[in-house]
Amino acid sequence: MDFSIASILALDGITNGAIYALLAMATVLLFAVTRVIFIPQGEFVAFLDDDDEWMPGKLAAQISGFMHRPNIALVYGGFFRIDAAGQIFAAHTPTLAGDVLMDLLWQRDAFTGSASNPMLLLSAVKAVDGYDSMLTTGEDWELYLRLAEEYSVAFVSDQVVRIRSHRGPRLGDRLEAACELEQRIVHRYRPIMPRRLVSHYYQKIGGKYCRLGAATEGRKWLRDAITVDPSNLGAYLQFVVSFSGAYPRAHRIYKALERNGGA
């Protein structure tokens with residue numbers, strides 16, 4: 001990275017929340033929300049959702065994360081979660097690096113937290129055919145999985161973005177689309193998934209169908225979850241609750257207790 005690029009990246013500290021592109025340097029492409037990346041310029045790409053905020057120095061730190069490190073396709077950092085008023089209520093420190101495919105499949109770590117966090121190597125994104133335009137939810141996660149099949153991930157230790165949280169419905173609450181995506185993920189990765197992980201996905205899919213009011217279909221997936229991993233006690237519980245007619249309400253109570261427990 002030469003001085004001219006470093007000078008432009010230094011402006012990162014005063015462009016908080018702006019949408020801009022360093023196309024003249026053919027170095028970094030930056031977009032807001034829309035995942036449009038097949039432009040023949042730029043080495044890296046980063047996105048900024050319209051209600052998130054980049055921290056000063058984000059771009060420079062992440063470009064440094066790529067330097068002299070072969071096979072890295074994604075560099076991310078820590079993040080803050082902020083409320084509608086911009087007040088920080090949680091912070092996440094990055095831990096996943098290297099071969100992260102199985103970690104991403106388990107989804108036990110918040111990872112980037114938002115598409116506003118990572119910087120991606122554009123050639124790698126193109127090599128795995130980019131975002132799937134047919135998806136209406138989880139498209140970032142699905143892309144990260146495909147990248148993780150072929151490439152490694154690195155992180156910078158600092159918090160690089162403030163992610164705004166909102167009450168009410170979210171894109172991730174599109175249950176039918178989420179069911180379709182999770183079924184696709186199981187189909188693609190089942191050969192490398194341990195039995196517990198396969199059961200976990202079947203349980204999630206079954207639970208979503210029950211929440212949608214399709215209890216018969218949901219119970220089919222929950223039975224499969226139990227068959228694959230008979231020690232999956234949660235699947236037994238969900239299967240029983242699915243006969244009560246109160247599954248959606250029971251799920252809301254569970255999620256409320258989960259949030260309060262993590263507060």
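The values are calculated or read from the model by the stated rules, or taken from the named source; none is laboratory data. Predicted model only: the values in this text are computed from it and were never measured. As a convention, Cβ positions derive from the backbone with ideal geometry for all residues, glycine included, and neighbour counts pool all protein chains shown.
Tabulated data
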quantity	calculated
Selection within the range 44-60 - within 14 Å of residue 166 (Cα to Cα) and surrounded by fewer than 19 Cβ atoms within 10 Å (Cβ to Cβ)	49, 50, 51
Any hit, the range 155-164, residues being hydrophobic (A, V, I, L, M, F, W, C), surrounded by 15 or more Cβ atoms within 10 Å (Cβ to Cβ), part of a loop (DSSP other than H, G, I, E, B) and not assigned by TED's automatic domain parsing to the domain that holds residue 185	no
